[in-house]
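K.L.:
Mind looking over this structure? Questions follow.
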Amino acid sequence: MEALRRGLRRRLRALPLRRWHRRQPPRALLCAAPEGGRKRPRQPQQEPEVKYDKASATKLDALYLLARMDRPAGTLLLLWPGAWSIALAAAPGALPDLKLLGLFTVGAFIMRGAGCTVNDIWDRRYDKQVARTRTRPLAADLLTVPEAVAFLGAQLTLGLGVLLQLNWQSIALGACSVPLVLTYPLAKRFTDYPQMVLRR
């Protein structure tokens, strides 16, 4: 046993030790080095600024962008908990309630768009001062505030139509979420963690 330990120690000493204090950045963050030079860290890519042609942009295009229909990730995040709960409520070996799943899908799409519309209405003056948001429809003057408010009213009306298809307990819970949708964007003016407002 002692001879085995000595052999392992000799082999460990023979291994080249890596100097971790000189660790290099990950290869994914390194760009090609110039000839005869060292590799330098790759600069993070900035999101290209989208420029709108006000002459060719239609109101439908502006409403499409106002509701963030071009970015469905938020809709999927809103839909996922409801869809998962519907699937768990199904009988073992049975498909979930497709009608209920369809209502939740439409509701998530509409209410996420309504939340984005409210956010842009509240922040329209601030959005003009930020490079990432100055091309949003209200900040870029593709829509007026009354047009955005009318669109918001249409979204909330459609959301109410979906909500009325459910039972009264669900209607009451859904109605309680409307104040959060309307006031959540304002929380950014008072805290760096506006998501905490939704947890109250």
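K.L.:
Quick check: with the 1.4 Å probe, what order do 196, 111, 69 take by accessible area, largest first?
P.N.:
Numbers: 196 100, 111 50, 69 70 Å².
Descending accessible area places them as 196, 69, 111.
K.L.:
Express in nm, to one decimal, how much length is gained between residue 190 and residue 61 on full extension, taking 0.36 nm for each residue of separation and deducting their alpha carbon distance.
P.N.:
Between residue 190 and residue 61, full extension yields an extra 43.2 nm.
K.L.:
Averaged per residue, what accessible surface does region 47-200 expose to a 1.4 Å probe, in Å²? Don't jump to the answer; show the numbers that get you there.
P.N.:
Values: 10300 Å² over 154 residues.
Per residue, region 47-200 has 67 Å² of solvent-accessible surface.
K.L.:
From the backbone phi of region 71-88, what are the Karplus-calculated ³J(HN,Hα) couplings (6.51 cos²θ - 1.76 cosθ + 1.60, θ = phi - 60°) in whole Hz, Gly and Pro given as x?
P.N.:
Karplus values, whole Hz, x for Gly and Pro: 10, x, 4, x, 5, 5, 5, 6, 6, 4, x, x, 5, 5, 5, 5, 5, 5.
K.L.:
Write down the Å³ per residue value for the convex hull defined by the alpha carbon atoms of region 132-200.
P.N.:
Dividing the Cα hull volume of region 132-200 by its residues yields 112 Å³.
K.L.:
Then there's this: Evaluated at 25 °C with a viscosity of 0.890 mPa s, what Stokes-Einstein diffusion coefficient in µm²/s does region 76-192 have when Rh comes from the Kirkwood expression over alpha-carbon pairs? Mind showing how you got there, number by number?
P.N.:
Working: Rh = 16.0 Å.
In µm²/s, the coefficient is 154.
K.L.:
In region 126-200, carbon and sulfur make up what percent of the accessible area (probe 1.4 Å)?
P.N.:
About 64 percent, which is the carbon plus sulfur part of the accessible surface.
K.L.:
Sticking with this one: Order the following by accessible area, largest value first: 190, 104, 151. Probe radius 1.4 Å; ligands, DNA and RNA are ignored.
P.N.:
Details: 190 175, 104 80, 151 40 Å².
Highest to lowest solvent-accessible surface, that is 190, 104, 151.
K.L.:
Could you give the length gained on full extension between residue 160 and residue 88, defined as 0.36 nm per residue of separation minus the Cα-Cα distance, in nm?
P.N.:
Length difference between fully extended and current span is 23.4 nm.
The values are calculated or read from the model by the stated rules, or taken from the named source; none is laboratory data. Everything numeric in this text was worked out from a predicted model, so none of it was measured. For accessibility, only protein heavy atoms count, side chains too; no ligands or nucleic acids. Shrake-Rupley method; radii C 1.70, N 1.55, O 1.52, S 1.80 Å.
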